[in-house]
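Here's the structure we're looking at; comments come further down.
The values are calculated or read from the model by the stated rules, or taken from the named source; none is laboratory data. These numbers were taken from a predicted model, which means no experiment stands behind them. Please note: Cβ atoms are built from the backbone with ideal geometry, for glycine as well, and neighbour counts cover all protein chains shown. Calculation scope for accessible area: heavy atoms of the full protein, side chains included, ligands and nucleic acids excluded. Shrake-Rupley method; radii C 1.70, N 1.55, O 1.52, S 1.80 Å.
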Amino acid sequence: LRLFDGAGPFTVFVPTNRAWYAALARLGVTKEDLFEDPALTEVLLHHASRKELFSENLFFGQKIPTLHVSAPSVSRALRAAENAGMDPSAVSAALTETLEVETFQSAFRKAFFVNGCDVVEKDAQASNGVAHFVDCVMLPPAPQPLPTRRTVAQVIVERFELSIFEQALTGGGL
């Protein structure tokens with residue numbers, strides 16, 4: 001929480017508890033497993049931006065820069081860019097991951113989606129920014145793998161809609 005307690009501005013797309021439980025089930029891990037994984041920091045930073053963006057300022061196709069960067073060593077990449085005579089701010093922008101906004105208007109509601117996640121509640125204003133609540137956990141592109149202890153066999157057995165495939169494997173001695 002210290003990250004979002006300081007000076008903003010921030011926009012944070014906060015996954016609901018239901019979104020986190022769905023992600024834990026999909027990954028086959030416990031909260032404790034997830035909290036111990038260093039990749040969690042990347043996932044959390046992928047939900048936040050250093051801009052204050054209220055829903056009225058969001059538009060279809062908009063790219064929102066996040067606090068997550070894609071290079072394993074940003075400082076090394078920036079030094080290399082400076083040594084090559086490149087503008088460090090341009091390199092930093094190129095390394096920054098973005099979220100993509102989709103908007104849909106109906107007679108009853110204007111819906112917002114960020115990276116495919118439904119913004120279920122918008123514009124929770126704070127003194128240093130704004131929070132929007134989303135219905136899924138957004139994973140950054142090619143993150144460090146999050147922990148999973150399940151095997152493919154366990155995934156197949158756990159899913160009812162895969163039971164015929166499971167029976168076929170068992171019947172075939174595989």
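What a 1.4 Å probe finds exposed on segment 1-53 is 58% carbon and sulfur by accessible area, rounded to a whole percent. Label separation (THR170 vs LEU45): 4.6 nm, computed from points 7 Å beyond Cα along the C-beta direction.
Couplings 3J(HN,Hα) of segment 112-117, computed from phi: 10, 10, 10, 6, x, 8 Hz, in residue order, whole Hz [Karplus 6.51 cos²θ - 1.76 cosθ + 1.60, θ = phi - 60°; x for Gly and Pro]. Rolling a 1.4 Å probe over the protein heavy atoms gives segment 1-65 an accessible area of 61 Å² per residue.
Peptides 119-130, 101-112 ranked from most to least packed by the mean count of surrounding Cβ atoms within 10 Å: 119-130, 101-112. Estimated from the Cβ-Cβ distance and a Förster radius of 30 angstrom, the FRET efficiency linking GLU56 and LYS31 is about 0.30.
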